[in-house]
Structure formats: C-alpha cells, structure tokens
Amino acid sequence: MSNISNKLLRLDRYLASVTDYSRSDAKKLIKAGEITVDGLVVRDPAQGVAANAELTLNGHSLRAASSRYIMLNKPQGYICAARDRRHQTVLDLMDEDNPERLHVAGRLDIDTTGLVLLTDDGNWSHAVTSPQRKCWKRYYVETAEVINEQAQLHFSRGVFLKDDKARTLPAELEILGERVARLKICEGRYHQVKRMFGAEGNLVTRLHREAIGDIVLDADLAEGEYRYLTAAEVASVQK
Ligand code: URA
C-alpha cells in the first residue's frame, strides 16, 4: 500500500506550500472558489488533498513545471534503487504515475533515514549530487564511541578513506554531545559518513539526513510519506 493516499494534507496548507501565498491568502482563494483539486472546485480550506493532486488557480495549473521534484522521509529498511529482488525500494512508498521515470538525487543506505529527493530532471539531480556544485548534505549522526574533538579538524581538512585516491572535501562537524553530532558534507561517496567516522575509529549507530542545500526535511512528513517540492525549494538548487 502506498503512503500518498494515507497522507492527505489540508488544502490551505498544501496551497501555501506549493505557492508563495500565505496560509490566510490561500484560505481566501479557496473560499472564493478559485481553486480546483483534480478538476473540482473546492471551497473548504480544511479539505484533505493528496500530495500528487492537480491544483489549478483560475484555471492555471499550480505545478511549476512538467518535471517532478519530490521529497520523501525515508524509513529504515528501504533501498534507494528503482527495484530490488530482496528489499523494498523507496518507489514502493510512492503512488506516482510512471514511477520508473523518477530517480533518486543522492542515495541513502538501507539503514539511513530521512530526506530523499526524487526527480525526473537529470540536470537538477546532477546539481544536487555533483561535488563540484558544493550542495551541502546535512546529517544527524549518533555513534558508538565518544566523538573525538579532533574529528572536527580532521573533517575540515578532509580525510583519506580506504581505497579512495583523494581526501574527502572539507566537511563541517558540529559536536552536539558525547556521541551525537551533525555533519555537513558536499559529496556523496559510498557510505561516506560511516567511513569518515570509521577513519576516526568510531562507528555510526544512527544516521539521518536532515537537509540537502536549503531543502529541509518537512517535519509534517511522517516516515514513509512524501510531498512535491515547492517552486522555491526547486529553485534553491541552481541548475
Ligand atoms: N553516508 C553514509 O555513510 N550513508 C548514507 O546513507 C549517507 C551518507
């Protein structure tokens, strides 16, 4: 079963999130009968709408472009691949037409939770994932051992990871507690965060992606739920 049908967002909130209208302006537009949802005029701001609903304002589609840009709150146990014989994939959480056209912009490991971006726009996902574009990925990290304060310096200089030829690019480590930290990296090497902490003799026990560039995981999305990005979120990644 997909999560989109379970996840109905209030129409006024949804409208405010996909446009520049404030919540109160969105309510006025809805009450004035200017909004349609999947072809029908809806006048109740509290009505639930699905994340992939087609909204129009005065007959104009509110989708910014024909491409799709989606954020998903990934639970543990799902892999970031189109299909897999053994595991469920993030696409199994979605109720989208032509899901095979979507790809993940920056994969997470099966046991990592949090923000996953999916799109059918290859230029956009390249801007998200290419190290040259310096798009930050922010992770919340818990570790088995006490985090060495020197790790801050090591990560800011870059570290050599086993089998990699070059140091990691400068990364920012904020130590939040003995075994808790926030790490910002602008690459997406294989198991990068786990291997960086491994290089410090530590073990990552929990990893959660909170943000990619200016796109922050929506606190309203429960694990397994997703929504379309707002036009401002899409534009925050410079193609
Ligand atoms: N780094 C990791 O080690 N795993 C992830 O899932 C993401 C970044």
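Annotations for the structure displayed:
- Figure legend. Inter-residue proximity from region 120-133: first residues within 13 Å of I70 (Cβ to Cβ), second residues at pLDDT below 90 and assigned to a helix (DSSP H, G or I), beta-carbon distance below 7 Å, spacing 6+ or different chains. Indicated pairs: D120/R101.
- Any hit, region 217-236, residues being crowded, with 18+ Cβ neighbours inside 10 Å and within 15 Å of the ligand (Cβ to nearest atom): yes
- Only one of the listed residues (L176, L117, L161) is under 21 Å from the mean Cα position of the chain (by Cα) and of a type in the set (A, V, I, L, M, F, W, C). That residue is L117.
- Subset of region 179-188 that is charged (D, E, K, R) and closer than 21 Å to P131 by Cα - its residue that is farthest from the ligand (Cβ to nearest atom): R182
- Only residues that are over 16 Å from A105 (Cβ atoms) and either open to solvent by less than 40 Å² (accessible area, probe 1.4 Å) or free of Cβ contacts under 8 Å to residues at least 60 places away in the same chain (or both) were counted in region 191-209, giving 12.
- Matching option when the condition is open to solvent by less than 60 Å² (accessible area, probe 1.4 Å), touching a residue at least 40 places away in the same chain (Cβ under 8 Å) and small (G, A, S), among A171, A181: A181
- Search result, residues across region 141-167 that are β-branched (V, I, T) and open to solvent by less than 50 Å² (accessible area, probe 1.4 Å): V141, T143, I147, V159
The values are calculated or read from the model by the stated rules, or taken from the named source; none is laboratory data. As the structure is a computational prediction, the values presented were derived from the model and not from experiment. Every residue, glycine as well, gets a Cβ built from its backbone with ideal geometry; the counts of neighbours run over all protein chains shown. With ligands, DNA and RNA removed, areas are computed over all heavy atoms of the protein, side chains included. Shrake-Rupley method; radii C 1.70, N 1.55, O 1.52, S 1.80 Å.
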